[in-house]
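Colleague: First, the structure itself, so that you have it in front of you.
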């Protein structure tokens, strides 16, 4: 009952957890200073291209090569009309068809909560990003105050309904421990987004002050210069990891890559 009540209140008030303006700004800043022209940007879960089109409109200093991953035929067709190169792949089982160290920015805005194979996904992210390139991740915050309240009453947190689309629950310290393990990534920025029951600018202000309690969270992390890929984390002695048969890719590590130069 508590979980249902909170969900209904959220839907009634409404708020933006996608942080599109912030993602545009972070990406624009990076592509303008990274020194690559064209700069290459990939959006995993490109949808209707909102993030990529906002980026394209926001700057004209650097030529952009825009890519996306999508499974909807309608959205794939729309993205291609807008000049986005789209890959129809399963990111939990298939390699991103781009060369090693070829991307400046990879974004996945409210995607990872739907993924079981996070190690394989971030292994591909670590492969295709250039050293110094950035990855922007947005997701629901399991540590938000409304999820904590639901748990206090013994209810399922609204962002982790069992009969629902999300299979991963992410908190800020939990994700930091995960993604920085092994030294392939370093978190540069954490931004809370939206605050349950506090609409508009008030909600965004509270989420900025208390990101661990906000409804959503965005991470900006950089690819370090460490060689190898994140899949190696599975063999670094983390207790209990061997109990789950995480997908590691094909035995031959074959990858189909595009002819991006």
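Quick note: the coordinates plus some simple rules give every number you see, no bench work behind them. Only a predicted model underlies this, so the values are computations on that prediction, with no experimental measurement involved. Note that each Cβ is placed from the backbone with ideal geometry, even for glycine, and that neighbours are counted across all protein chains shown.
Colleague: Would you mind calculating the relative contact order of region 127-235 from Cα pairs under 8 angstrom and at least 6 residues apart, reporting the percent as a whole number?
Modeller: Numbers: 195 pairs, mean separation 40.5, N = 109.
Answer for region 127-235 is 37 percent.
Colleague: Turning to a different aspect of this structure: Considering only DSSP beta bridges where both residues belong to region 2-223, give the percentage that are antiparallel (nearest 5). Could you put the intermediate results ahead of the total?
Modeller: Details: 16 of 34 bridges.
Given both bridge residues lie in region 2-223, the antiparallel proportion sits at roughly 45 percent.
Colleague: In whole angstrom, note down how far apart the Cα centers of region 112-128 and region 35-104 are.
Modeller: Using only Cα atoms to place each centre, the spacing works out to 17 Å.
Colleague: Under 8 Å for C-alpha pairs, at least 6 residues apart: give me the relative contact order for the chain, rounded to a whole percent. Intermediate results must be reported in sequence, preceding the final value.
Modeller: Values: 498 pairs, mean separation 55.5, N = 261.
Here the relative contact order equals 21 percent.
Colleague: For the chain, what is the calculated [θ] at 222 nm in deg cm²/dmol (nearest 500), taking -39500 (n - 2.57) for each run of four or more DSSP H residues and dividing by its residue count?
Modeller: Details: 8 runs with 81 residues, N = 261.
Computed mean residue ellipticity for the chain: -9000 deg cm²/dmol.
Colleague: Something else: Rounded to the nearest 0.05, what FRET efficiency is calculated for residue 88 and residue 167 with R0 set to 30 Å and r the Cβ-Cβ distance? Intermediate results must be reported in sequence, preceding the final value.
Modeller: Working: r = 21 Å, r/R0 = 0.71.
Working from the Cβ atoms, E equals 0.90.
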